[in-house]
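Right, one structure below, let's go through it.
The values are calculated or read from the model by the stated rules, or taken from the named source; none is laboratory data. Computed from a predicted structure; not experimentally measured. Cβ coordinates were reconstructed from backbone atoms using ideal geometry, including for glycine residues, and neighbour counts include every protein chain displayed. Keep in mind that these areas ignore ligands, DNA and RNA; they rest on the heavy atoms of the full protein, side chains included. Shrake-Rupley method; radii C 1.70, N 1.55, O 1.52, S 1.80 Å.
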Amino acid sequence: MATILIAEDDRRVRDSLDRALQLEGYEVVTANDGARALELHRDRRPDLLLLDVSMPNVDGLTVCRTVRSTGDDTPILMLTARHEIDDRVAGLDAGADDYLVKPFALEELLARVRARLRTVDVDDGSLTLGDVVMDLEGRRVDRGGRHLDLSRTEFDLLEVLLLNAGVVLGRDVLYERVWGGELDVDSKTLDVYVGYLRKKLEAGGGSRLIHTVRGMGYVAREGER
């Protein structure tokens with residue numbers, strides 16, 4: 001059973017998340033500020049952290065930076081009421097793996113939690129989706145035993161999508177993760193690289209793995225031919 005640490009100063013939000021995650025079968029520990037969150041992280045070693053950005057005393061960004069400064073790679077999902085791209089970038093720069101802007105749908109939160117807790121074979125550093133195997137250390141991708149010759153950007157984009165398999169990622173998230181936020185969200189660069197990846201992944205009649213969710217972004221999941 002995975003343990004999730006929730007650090008949220010709004011009691012109603014904290015209690016709601018606590019109940020929802022316990023109903024999903026997770027063990028949950030809660031904190032109402034960043035200082036307590038750091039104590040619980042040290043004592044309980046949770047499998048995932050849900051951190052509110054704006055908390056009294058020690059905020060979520062500070063908690064995130066403190067955890068990462070020790071070399072700890074526990075998945076961190078930031079919760080924020082801020083909508084500005086700079087605020088979201090700050091969370092990612094602090095070491096967070098993902099973020100959700102309040103108010104959010106519970107179903108999306110649960111999907112992102114599942115994605116972050118999805119087992120990655122740390123021993124050989126690989127990710128899999130269907131018959132696609134991604135060797136993170138060797139930066140090699142094979143599908144059905146066939147090697148795919150990917151550029152650096154194609155590899156980085158596929159890695160982000162596979163790490164979040166089943167979760168719809170917005171264009172802004174993908175631009176931040178793959179291009180460091182250097183490109184405008186309205187740029188067509190993302191669509192071009194998705195096209196490149198689809199062509200290579202689907203060569204020889206392979207089923208579509210990267211799907212477009214109109215008005216939202218892209219998601220990696222097994223699908224029809």
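Summary table below
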quantity: Contour minus Cα-Cα distance for T3 and E108 (0.36 nm per residue); calculated: 35.9 nm
quantity: Net lengthening on full extension, D93/E222 (0.36 nm per residue, minus Cα-Cα); calculated: 43.4 nm
quantity: Proximal charge balance of G95 [Cβ under 10 Å; K/R count +1, D/E count -1]; calculated: -2
quantity: Unit charges at the beta carbon, dipole of the chain: most positive-side option, L106, V58, T30; calculated: L106
quantity: Extension gain from A35 to D10, taking 0.36 nm per residue of separation minus the Cα-Cα distance; calculated: 7.5 nm
quantity: Rounded percent of accessible protein surface that carbon and sulfur make up, the chain, 1.4 Å probe; calculated: 45 percent
